[in-house]
1. Has segment 57-70 got at least one residue that is open to solvent by 80 Å² or more (accessible area, probe 1.4 Å) and hydroxyl-bearing (Ser, Thr, Tyr)?
2. Is it true that Lys19 is part of a loop (DSSP other than H, G, I, E, B) and closer than 29 Å to Ile185 by Cα?
3. Of the residues Arg207, Arg201, Arg182, only one is under 23 Å from Thr242 (Cα atoms), in contact (Cβ under 8 Å) with a residue 60 or more places away in the chain and among the basic types (Lys, Arg); which?
4. Restrict the check to segment 134-146 and report whether at least one residue is touching a Lys or Arg at 6+ places or on another chain (Cβ under 8 Å), modelled with pLDDT of 95 or more and under 28 Å from His113 (Cα atoms).
5. Do we find that Val195 is β-branched (Val, Ile, Thr), within 14 Å of the chain's Cα centre (by Cα), under 23 Å from Asn160 (Cβ atoms) and not in a helix (DSSP H, G or I) in this structure?
6. Within segment 94-123, which residues are modelled with pLDDT of 95 or more and not in a loop (DSSP other than H, G, I, E, B)?
7. Which residues, taken from segment 124-141, are touching a strand residue (DSSP E or B) at 6+ places or on another chain (Cβ under 6 Å) and either open to solvent by less than 50 Å² (accessible area, probe 1.4 Å) or part of a loop (DSSP other than H, G, I, E, B) (or both)?
8. Which members of segment 172-190 meet the condition of being open to solvent by less than 10 Å² (accessible area, probe 1.4 Å) and either more than 11 Å from the chain's Cα centre (by Cα) or among the basic types (Lys, Arg) (or both)?
Amino acid sequence: MRYFIHIGYHGVKYSGWQKHPGVLNVQEVLETAISKLLKTRVTIVGCGRTDAQVHASQFFFHFDAEKEWKFDLFFRLNKILPDDIAVFDIIPMEGLPHARFDAVQRTYDYFIHTYKDPFLSGFSSFYAEKDLDLEKMKAATALLTKYNDYRAFCTSPDKNEHTICNVSSAGLFAYQNGDKIRFQISANRFLSKMVRIIVGRLLDIGRGKLSVDQFEYHLANKETPPIIIPAYPQGLYLSKVTYPYLNLPPRSSFVGGEL
C-alpha cells in the first residue's frame, strides 16, 4: 500500500530536505523515525527539494508498506520527531501515485521584515532597509506571469534540461507601513534557487539599484546577470503543493500573519 504523508517543517537546523551523508537533513530524520516504528527499512520520496535553512509549511512524501500497522502511527511519529517537524495527515492512496512527479503546482512564500525582531528571527528574513519602493517591486512582480523562461533567475541554467516554468500567479504584499513584506509565486516547476534570486532582484529594485525595465530585459532576453545574489534562505517557505487527486489546505499559518 502506498501512503502520502502531509508534513511541515522549520528548516533552519537542516541542510535541506534531501539526504546527504554527514549533514542533518529532513528526509533522513523522517526515514529513521518511520523505519524505527515500522521495524523495517523504509525509503521515502519527497514532493521536491528545499535548500538548507528553507522551510516547508506544506510538504508531501510517499512510502510503501507491505502490511498495515496495528498502532496509531500518526501519534507515535509526531511523538518521536523533533519539534521542528510535524506530521499533519497520513493518507492511504490507491495505485502508485508519485509525490514528486504527480505534483501539478507548487507555491512558495517569501517573508521579509525590515526591522530587527527576535520573534521573527529564523522565520523571516531580516533586511534593514528603509523606504523600499514597493510600487516598483510590485510592478516587477506583475511581469512574472508574462514570461515562462526563467533562465535569468537560475544559478546553473545549463544543468537543466530546460528552464521553462509556467508561473500561474505572483504577488507582493506588505503591511501598511511596509515593515513586513510577503512575496508569493505559484508555478508548475521551479529552478534551483529561483525564488530567492527573484526576491533578491526585487530588493534591488526596491533599493533603486535595478530598474523594472532592466528586470524585464533579463526575463525577455533570457540573460543571466553577471552577479546573482539569492535572498537569504530562512525567509522562504514551500507553502502549497497541489495534485490532480489531492488538494489539501496548508495546516500552518504563516509567520507574522497573512498579508
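The values are calculated or read from the model by the stated rules, or taken from the named source; none is laboratory data. Bear in mind that the values here come from a model prediction, so they are computed numbers and not experimental data. Glycine gets a Cβ as well: all are built from the backbone with ideal geometry, and neighbour counts include every protein chain shown. To get the accessible areas, we keep the full protein, side chains included, count just its heavy atoms, and leave off ligands, DNA and RNA. Shrake-Rupley method; radii C 1.70, N 1.55, O 1.52, S 1.80 Å.
1. no
2. Working: part of a loop (DSSP other than H, G, I, E, B): yes; closer than 29 Å to Ile185 by Cα: yes.
Against the criterion (part of a loop (DSSP other than H, G, I, E, B) and closer than 29 Å to Ile185 by Cα), Lys19 qualifies.
3. Going through Arg207, Arg201, Arg182 in turn, the sole match is Arg182.
4. Yes.
5. no
6. Selection gives Gln105, Arg106, Thr107, Tyr108, Asp109, Tyr110, Phe111, Ile112, His113.
7. Residues satisfying the conditions are Ser124, Ser125, Tyr127, Leu134, Met137, Thr141.
8. Within segment 172-190, Ile181, Phe183, Ala187 qualify.
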